[in-house]
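The values are calculated or read from the model by the stated rules, or taken from the named source; none is laboratory data. Bear in mind the structure is a predicted one, so any value in this text is a computation, not a measurement. Don't worry about glycine lacking a Cβ; one is built from the backbone with ideal geometry, like all the others, and counts go over all protein chains shown. The accessibility values were calculated without ligands, DNA or RNA, using every heavy atom of the protein model including side chains. Shrake-Rupley method; radii C 1.70, N 1.55, O 1.52, S 1.80 Å.
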Amino acid sequence: MEETGIFEIRENCLLVHMPEEVDHHTTKSIRRLADHYLLDNRVQQIVFDFADTMFMDSSGIGLLSGRNAKITCFGGRTIVINANTRIRKLLQIAGLQDQVCIMDEI
Amino acid sequence: MMKNEMKLSMDAISENEALGRICIATFLTRLHPTLEELEDVKTAVSEAITNAIIHGTPADGKVYITCRCEKDIFHVEIEDHGVGIADIQKAMEPLYTTKPEQERSGMGFAFMEAFMDELKVWSQPGKGTTIIMEKAIGFARLED
């Protein structure tokens, strides 16, 4: 079974519903699909929704910083929503809190 | 319960990353960790197991995990028989990665260091890598 986030396009925004467990295994397919949407739709914002996420390791950091590097090339931005204190802590240790916009919800 | 040990041998495939950290988390619950301690250990072991699977490319295709607890100290060793690390100091630098194309963040060792009390890395090119970590678990101490 392949566990993937569910993608939604809302106007110029790509919404990614992140899985319950974000690790190297689950991020592989999310990365591939997210890049596909980023190139095809010229989205201006990518929103990672962590509402369902109970676990994340540095693979999630790689996924976010990689997508952020791509979307900022097109003048877009990355938004993180519904991140629990644990995920916020990981983003902070990795220095990502200054690069992405962390919000409670959109 | 003062002493306990568990040994696991599993295939070095990414599907097993979750299996490894869930087994270790279950083992750890006997020490009555706080939720934060449990999350710290899960993140650290997930980094080590992922390293073994991605960078180890083990010749025997396995990852070996040994966990021990003695009083309030949790000890874990994650071993692969893969390519090994030539320069351990370099590998441990934050943001350093040999696999930028796979978008490894280079934060693996930084997270292991941040969330565990002790981190030791043994490695020899061509032989493999063993990551040894320890953490004191708080609630177990209170119960003593």
Tell me: how much accessible area in total is hidden between A and B, 1.4 Å probe, Å², nearest 100?
-> 1900
Reference-scaled alpha-carbon Rg (2.2 N^0.38 Å with N residues) for the range B:6-144 = 1.02
For chain A, modelled as a Gaussian network with Cα springs under 10 Å, which listed residue fluctuates most, A:Thr85, A:Thr53, A:Thr26?
-> A:Thr85
Taking Rh as the Kirkwood radius computed over C-alpha pairs, what is the Stokes-Einstein D of the range B:75-118 at 20 °C in a medium of viscosity 1.002 mPa s, expressed in µm² per second?
-> 182
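Please report, largest first and rounded to whole Å, the three semi-axes of the ellipsoid equivalent to the protein assembly as shown, where each semi-axis is the square root of five times an eigenvalue of the C-alpha gyration tensor. All intermediate terms of the calculation are to be shown ahead of the outcome.
Numbers: eigenvalues 207, 88, 47 Å².
Largest first, the protein assembly as shown gives 32, 21, 15 Å.
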Environment charge of A:Ala69, counting only residues whose C-beta is closer than 15 Å and scoring Lys/Arg +1, Asp/Glu -1 | +1
Pairing the Cα long axis of helix B:16-28 with the longest principal axis of chain B, what angle in degrees results, from 0 to 90 and rounded to the nearest 10?
-> 20
Which FRET efficiency value, to the nearest 0.05, is calculated for B:Ser9 and A:Ile106 with the Förster distance at 35 angstrom and r the Cβ-Cβ distance?
-> 0.20
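Based on the Kirkwood radius over alpha-carbon pairs, what is the Stokes-Einstein translational diffusion coefficient of the range B:1-50 at 20 °C with 1.002 mPa s viscosity, in µm²/s?
Numbers: Rh = 11.5 Å.
In µm²/s, the coefficient rounds to 186.
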Alpha-carbon gyration tensor eigenvalues x 5, square-rooted, for the range A:18-96, Å = 20, 14, 11
What is the helix-to-structure angle for B:35-54, meaning the angle in degrees between its Cα long axis and the longest Cα principal axis of chain B, kept from 0 to 90 and rounded to the nearest 10?
-> 30
How high is the relative contact order of chain A, in percent, counting Cα pairs under 8 Å that sit 6 or more residues apart?
-> 25
Which of B:Ala12, B:Ala44, B:Ala114 fluctuates most in a GNM of chain B (C-alpha springs under 10 Å)? That residue is B:Ala114
Could you let me know the centre-to-centre spacing of the range B:52-70 and the range A:30-106, using Cα atoms, in angstrom?
-> 30
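Beyond a 25 Å Cα-Cα separation, which of these cross-linked pairs lie in this structure: B:Lys7/B:Lys127; A:Lys28/B:Lys62; B:Lys7/B:Lys99; B:Lys3/B:Lys127; B:Lys7/B:Lys71? All intermediate terms of the calculation are to be shown ahead of the outcome.
On the way: B:Lys7/B:Lys127 20 Å; A:Lys28/B:Lys62 21 Å; B:Lys7/B:Lys99 29 Å; B:Lys3/B:Lys127 31 Å; B:Lys7/B:Lys71 18 Å.
Beyond 25 Å: B:Lys7/B:Lys99; B:Lys3/B:Lys127.
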Projected area averaged over all directions for the convex hull of the alpha carbon atoms of the range B:53-107, nm², comes out at 5.0
Rounded percent of accessible protein surface that carbon and sulfur make up, chain A, 1.4 Å probe = 49
Find the relative contact order for chain B and round it to a whole percent, using C-alpha pairs within less than 8 Å whose residues are 6+ positions apart.
-> 28
Per residue and in cubic angstrom, what volume does the convex hull of the Cα atoms of the range A:52-106 have?
-> 79
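Which value, in debye to the nearest 20, gives the size of the charge dipole of the range B:49-126 about its Cα centre, when Lys and Arg are +1 and Asp and Glu are -1 at the Cβ? Intermediate results must be reported in sequence, preceding the final value.
On the way: 7 positive and 13 negative charges, 25 e Å.
Using Cβ point charges on Lys, Arg, Asp and Glu, the range B:49-126 gives about 120 debye.
Can you give the longest run of chain B that contains no trypsin sites (Lys or Arg not before Pro) sitting in a DSSP loop with at most 14 other Cβ atoms inside 10 Å?
On the way: sites that count: B:Lys71, B:Lys127.
Segment B:1-70 is the longest.
Keeping all protein chains in place, calculate the accessible area per residue for the protein assembly as shown (probe 1.4 angstrom), answer in Å². Numbers along the way, then the final one.
Numbers: 11980 Å² over 250 residues.
So the protein assembly as shown comes to 48 Å² accessible per residue, rounded to a whole number.
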Low-density loop chymotrypsin sites (Phe, Trp or Tyr not before Pro), the range A:9-106, at most 12 other Cβ within 10 Å, DSSP non-H/G/I/E/B, are A:Phe74
